[in-house]
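For reference, the structure is listed below as structure tokens.
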Amino acid sequence: MSQISTILWDVGGVLLTNGWDHEERADVLKQFGVEKAEFEEFHPEANDEWEKGQISVEEYLNRTLFRKPRSFTAAEFLAAMKAQSEVLPDSALGILDELAASETVDLGLLNNEAAELNDYRIEEFGFRTCFDFFFSSCYVGLRKPDERIYRLALNVLQAEPDEVAFIDDRAGNVETARSLGIHAIQYEGSAKLAKDLAALGILIETN
């Protein structure tokens, strides 16, 4: 087995709560008294473009939310969206911090996120101090599980698939990475992740 030189990380469901998944949307829509079905009718197409960096948050909200007058502003709604981001219970942040401090492997993001939420999460949770590179969907114009986003990361890194590990909570994203020869790990808690990394020769101190 080749030595792992790089670990690519998802964020939502591994390090933090999801940024704008169905549960987060439901909470914010309820907070503002917006009918969920009305919003969700227009969300999928607009969200795909937003997460690929093809439209701004203003355009996303105009297409999903402000199709009619509201008693609140886009800025107020966006602030509530950002507030949904919290450290995940049983987060892998401790493992990430230990690996970053050890400088034994390169660390990068490989996540689906719209620019406004992604940039907020990177800044708010100090990810610039941990990660060496950011293959976020909003920057590269591709979303997991499209295999092209994994191939792009490998090409930029100039790495062979078996030199890279990838951590994600979603089975479909893990399966695509694994099909390309990447050491893909489905996140099922920090203790399990430490064991999975140890199997790849990456030892984590656990309390």
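Just so you know, in segment 121-159 the residues that are assigned to a loop (DSSP other than H, G, I, E, B) and aromatic (Phe, Trp, Tyr) include one that is farthest from residue 96 (Cα to Cα), and it is 135.
Is segment 140-150 home to any residue that is assigned by TED's automatic domain parsing to the domain that holds residue 97, among the acidic types (Asp, Glu), touching a helix residue (DSSP H, G or I) at 6+ places or on another chain (Cβ under 9 Å) and surrounded by 13 or more Cβ atoms within 10 Å (Cβ to Cβ)? Talk me through it step by step, then tell me what you get.
Here is the first cut: in segment 140-150, the residues assigned by TED's automatic domain parsing to the domain that holds residue 97 are 140-150.
With the extra rule that they be among the acidic types (Asp, Glu), the set shrinks to 146-147.
From the residues that got through so far, the ones that are touching a helix residue (DSSP H, G or I) at 6+ places or on another chain (Cβ under 9 Å) too are 146-147.
In the following step, the residues that additionally are surrounded by 13 or more Cβ atoms within 10 Å (Cβ to Cβ) were identified as 146-147.
For segment 140-150, residues assigned by TED's automatic domain parsing to the domain that holds residue 97, among the acidic types (Asp, Glu), touching a helix residue (DSSP H, G or I) at 6+ places or on another chain (Cβ under 9 Å) and surrounded by 13 or more Cβ atoms within 10 Å (Cβ to Cβ): present.
Consider residue 83 carefully, then state whether it is surrounded by fewer than 14 Cβ atoms within 10 Å (Cβ to Cβ), farther than 26 Å from residue 151 by Cβ and of a type in the set (A, V, I, L, M). Outline the logic, then answer.
Details: surrounded by fewer than 14 Cβ atoms within 10 Å (Cβ to Cβ): yes; farther than 26 Å from residue 151 by Cβ: yes; of a type in the set (A, V, I, L, M): yes.
Yes.
Quick one: would you say residue 55 is within 30 Å of residue 159 (Cα to Cα) and over 16 Å from the mean Cα position of the chain (by Cα)? Can you show your working first?
Details: within 30 Å of residue 159 (Cα to Cα): no; over 16 Å from the mean Cα position of the chain (by Cα): yes.
Judged against the criteria, residue 55 is not a match.
The values are calculated or read from the model by the stated rules, or taken from the named source; none is laboratory data. Because the structure is a prediction, the values reported are computed rather than measured. All Cβ positions, even for glycine, are placed from backbone atoms using ideal geometry, and neighbour counts span all protein chains on display.
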